[in-house]
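Read the figures in this text as sums done on the coordinates, not as results from a lab. What you see is a predicted model; the values in this text were computed from it and never measured. Here the Cβ positions follow ideal geometry from the backbone for every residue, glycine too, while neighbour counts run over all protein chains shown.
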Amino acid sequence: METRKLGRTGLEAAVMGLGTEYLVEATRETVVSVVREALDKGVNYFDVLFSYADYRDNFGAALEGRRDEIILTGHLGSADKDGQYRRTRDIAESEALIDDQLTRLHTDHLDVLFLSNCDEADDYRRIMAPGGLLALAGKLQRRGKARFIGLSGHKVPVSRRAVQSGEIDVLMHNINLSGDATEGRTELYHLCAAHDVGLVGMKPFAGGALLGPDGPDVTPVQCLSYAVSQPGVSTLVPGVKNLEELRAALAYLDASTEERDFSAVLPHFQEPAEGTCVYCNHCLPCPSGIDIGKTIRLLVSARHGDLEPFRGHYEALEARASDCTECGACMERCPFGVDVISNMQQAVELFECNPLDDTG
Ligand code: SF4
Ligand code: SF4
C-alpha cells in the first residue's frame, strides 16, 4: 500500500488507515477479524477513540503481537458515562483514561495522542491554557507515553488556530465530498501541508450519509479517492462496522483509475471554479505517464507554503512535468477546463528550474 509521511512526525502512514468508532458494539470476534484483515492488507494506522473497557480490550486482543507494526493513536478527553460517550476536560480523569488505554492495549505508548474533539473557541482556549489538556499531553510525552501530539476537530476556525499554534504535529479533521464545499476547508488542508502538520482525514463517507439508501449515486471508492486526493492528506480513517464494510473501503486499493475518478460526482456536491484542478485524474491516461492530479496538487501546495517540503514529493514522481509533450489529450478530457499544459510548465519552472531563493 502507498505510504505517506505523517507530517513532521516522520512516521510513514499507509494511505488507508482504520477508524474504529463503528466497532464500538462489535463482538471481539468481529473486531479481531477486521483488524487482522486490515493489517494483512497493509493498514498501519489505527485510531482508537473511545474509553469503553470492552472496546479497548477487543483492540488489545486484535493487536496482540502486532503492536510494533502500527501507528496507534489515543484521544485525550474522550470518556464515557453510563455506556455513552462523554467529552471531559478533567485532567486527572483524562490521564487515568490514557493509562487505562495503555494497559488494555498492552502497550507502553501511543504514537499520536489527540486533544480530542475540540471545535469551540472557548474549549480551545481551555485545553491550550496552562494546566490544560495540552500541558497534560506534554507531560505524557515527556514520560514516553505519547510520541506526538495531535488535535481532532470538525470546525475550520479552531483547527486553523491549532495548526498555526505550532503545538500540534497532527490534525485529524473531517474530509469528504459533501462537506468540503464549506468555506475554508481547502485552505485548511493547504495550511497543514505548509506547516508540515500531518493531516488525517476522518468521515470520508460523511458519517455514512454519502452511502445510505437516500444518498447520492457515489461509491465508497470515489469517496475515498476524493479525500485521499486533497492537499496535505497523509492517511484516511474510514469507519467500518464489519468485514464487509472493510472490504468495500479497501477496494480502493485495487480500484482502477476509472473507478477512482470522482469528477462526475463532484459537481453534485461542489461547484469547482472553471480552470481549477480538483485532482480527480479524469484526464488520464497521459502518454508520458504523468500523474497530472498529483503534479498540479504539489504545485498548488508549494505555492501555499514553503517549496522545500514538496520538492521531495515532486522528485519522487515517476514522471515529471518536463516529460509533458504538450499533446493536449488531457485538456480535451478535463471536465473543469484546466490548462494542464500551462500547469506543467509552471511545475517545471518551480520544481526543476528555479533555485530555492528565487521561489519567493
Ligand atoms: S486537470 Fe482536470 S481532469 Fe485532470 S486532475 Fe485536474 S481537474 Fe481532474
Ligand atoms: S499535454 Fe502533457 S500532461 Fe497532458 S496528456 Fe499530453 S503529455 Fe500528458
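At q = 0.19, 0.20 Å⁻¹ the log10 of I(q)/I(0) for the stretch 18-128 amounts to -0.96, -1.05, computed by Debye summation with a single uniform scatterer per C-alpha, solvent ignored.
Scanning residues 5 or more positions from MET172 or on other chains, those with amide H under 5 Å from its amide H are LEU151, SER152, GLY153, VAL200, with H placed 1.01 Å from N in the peptide plane. Straight-line reach from LYS155: which lysines have Cα under 17 Å away, leaving out those fewer than 8 places along the same chain? Partners within reach: LYS203.
Remark: the ARG143-THR30 segment gains 37.3 nm on full extension, using 0.36 nm per residue and subtracting the alpha carbon distance. What's the FRET efficiency of ALA129 with ASP99 using the Cβ-Cβ distance as r and R₀ = 25 Å, to the nearest 0.05? The value I calculate is 0.60.
Using Cβ point charges alone (K and R +1, D and E -1), the dipole size of the stretch 69-220 about the Cα centre works out to roughly 420 debye. Here's how it looks for LEU49: its modeled amide H is under 5 Å from those of THR20, which are all 5 or more places away or on a different chain.
The simple Förster model, with R0 at 25 Å and r as the Cβ-Cβ distance, assigns GLN164 and GLU69 a FRET efficiency of 0.15. Rounded to the nearest Hz, the phi-derived 3J(HN,Hα) couplings of the stretch 318-325 under the Karplus curve 6.51 cos²θ - 1.76 cosθ + 1.60 (θ = phi - 60°) are 5, 10, 9, 4, 5, 7, 5, 9, where x marks glycine and proline.
Bridges between two residues of the chain, per DSSP, are antiparallel at a rate of about 20%. Residues of the stretch 23-42 with an amide N closer than 19 Å to a point placed 7 Å from the Cα of ALA61 along the Cα-to-Cβ direction: 23-40.
Residue separation of ARG333 and ASP254 scaled by 0.36 nm, minus their Cα-Cα distance, works out to 26.1 nm of gained length. Computed 3J(HN,Hα) for the stretch 208-213, one whole-Hz value per residue from the Karplus formula 6.51 cos²θ - 1.76 cosθ + 1.60 where θ = phi - 60°, is x, 4, 6, 10, x, x, glycine and proline marked x. For the pair ARG86 and SER322 in one chain, pulling the backbone fully straight at 0.36 nm per residue adds 79.6 nm over the alpha carbon distance. Taking label points 7 Å from Cα along the Cα-to-Cβ direction, LEU243 and LYS294 give a separation of 3.2 nm. In this structure, the pairs whose alpha-carbon distance is over 26 Å, taken from LYS145/LYS241; LYS41/LYS241; LYS41/LYS145; LYS5/LYS41, are LYS145/LYS241; LYS41/LYS145. Extents of the chain, taken as max minus min of Cα coordinates on every principal axis and listed largest first, are 62, 45, 36 Å. Whole-Hz Karplus values for the stretch 278-284 come out as 10, 6, 8, 6, 5, 7, 6 Hz, taken residue by residue from phi with 6.51 cos²θ - 1.76 cosθ + 1.60 and θ = phi - 60°; glycine and proline positions read x.
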